[in-house]
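**Q** Got a structure here, written out as structure tokens. Questions coming.
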Amino acid sequence: MTSIARLGEELRAAGRPWRHVDVLGEVDSTNAVSLRDPRAWRVVVADTQSAGRGRRGRTWASPPGTSLAMSLTLPMPADHPAPGWIPLLAGLGVRDALAGLLRSSGRFALKWPNDVLAADVDGTWRKVCGVLAQAVSAPTAGAWGSSSSAGGGLVVVGVGINVGVEDLPVPTATSLHRLPRPAGMPAPDRAAVALAVADAVAPWYARWAEGDVAPLHAAYRAACATIGRDVVVHLPGGDVRGRATGVGDDGALLLDTPSGRRVLSAGDVVHVRPGESDSPREGSELGSPTGAGDSGMIGP
């Protein structure tokens with residue numbers, strides 16, 4: 001079992017692309033730390049955050065020792081045609097990592113564009129992870145940890161996972177320790193989760209960066225619970241309602257509405273359940289490693 005103290009050594013091991021690993025105590029946010037000193041193939045993990053921020057101005061709490069707050073800094077290939085797939089492939093990597101740790105691929109799904117859902121003990125799908133990608137202009141490295149200076153900048157991918165959280169602040173959230181697992185299997189610890197996530201995200205990123213995108217697209221679409229659902233998408237200009245019918249090759253959500261097909265590159269999605277209000281449940285959430293900065297959001 002990997003300990004937090006040995007996480008850096010494990011991540012820098014031969015065959016892995018990660019070159020800079022910082023395991024910290026309390027930070028404002030792991031994305032903010034990464035954006036202040038952006039380096040390709042850097043991993044920042046923190047025990048707790050004091051100033052995590054989520055989408056739409058939501059606040060995020062990260063109780064010490066209960067959540068995994070980590071950020072992965074990846075090279076942005078120059079002129080890549082589909083940068084919007086970065087948060088999607090990161091979410092797919094998290095989903096793969098968690099499914100492997102709990103030996104249950106059917107227990108985890110994706111909500112476009114940046115959430116990982118888990119089937120809780122009562123069978124209800126609840127959020128276990130959020131992802132936020134932020135672009136920053138900086139000298140970059142080539143694919144898979146090389147020192148080449150060619151590229152289009154960097155992307156900081158923040159991942160917040162509820163691992164051992166017991167006092168969940170909203171009914172739409174869950175944590176890994178609450179989920180059923182095979183008899184005799186111990187609950188996963190944060191170091192094991194961090195290692196599994198880093199190991200799962202890197203290969204999907206490599207395929208995307210090299211243009212081998214068909215397997216990525218197929219895997220994401222198969223795991224995306226948003227496809228085929230009635231949804232409400234909150235946009236700056238107002239809400240859009242319709243049925244999500246797919247995710248395009250550029251990562252955009254395809255939404256069929258009463259007025260026709262919409263192609264959405266960003267937005268806050270709410271899955272509408274029959275008989276339920278389509279209003280989002282606002283409030284504090286857990287484990288987001290997002291931070292402020294002058295970098296741009298990567299859509300979706």
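Here, each number is a calculation from the coordinates, and none is a lab measurement. Note that the structure is predicted; figures quoted are calculated from it, not measured. Don't worry about glycine lacking a Cβ; one is built from the backbone with ideal geometry, like all the others, and counts go over all protein chains shown.
**Q** Find how much the distance from T257 to R243 grows on full extension, using 0.36 nm per residue of separation minus their present alpha carbon separation; answer in nm with one decimal.
**A** Roughly 4.4 nm would be gained on extension.
**Q** What whole-number distance in Å separates the alpha-carbon centres of the stretch 226-272 and the stretch 80-108?
**A** 20
**Q** Please compute the length gained on full extension between E9 and V121, using 0.36 nm multiplied by the number of residues separating them and subtracting their Cα-Cα distance.
**A** Numbers: separation 112, 0.36 × 112 = 40.32 nm, distance 3.49 nm.
Taking 0.36 nm per residue and subtracting the Cα distance, the gain is 36.8 nm.
**Q** I would also like to ask the following. When the chain is fully extended, how far beyond the present Cα-Cα distance does R36 get from A222, taking 0.36 nm per residue of separation? Display every interim value, and only then the final one.
**A** On the way: separation 186, 0.36 × 186 = 66.96 nm, distance 3.60 nm.
My answer for the length gained is 63.4 nm.
**Q** Could you give the radius of gyration (one decimal) and Dmax (whole number) of the Cα atoms in the stretch 230-271, in Å?
**A** Every Cα atom of the stretch 230-271 included, Rg and Dmax give 9.3, 25 Å.
**Q** Continuing with the same structure: Fewest Cβ neighbours within 10 Å first, please rank S137, S34 accordingly. Please report the intermediate quantities before stating the final value.
**A** On the way: S137 13, S34 30.
Fewest-to-most Cβ neighbours within 10 Å comes out as S137, S34.
**Q** Take M76, M185, M70 and order them by how many other Cβ atoms sit within 10 Å, fewest up front. Write out the running numbers ahead of the final one.
**A** Working: M76 22, M185 11, M70 26.
So the ranking, lowest neighbour count to highest, is M185, M76, M70.
**Q** Once both labels are modelled 7 Å past Cα along the beta-carbon direction, what's the D167-E210 spacing in nm?
**A** It works out to 4.8 nm between the two label points.
**Q** Of T245, V269, S259, whose Cα points farthest to the positive end of the dipole of the stretch 230-271 (charges on the beta-carbon: +1 Lys, Arg; -1 Asp, Glu; origin at the Cα centre)?
**A** Towards the positive end, the residue furthest out is S259.
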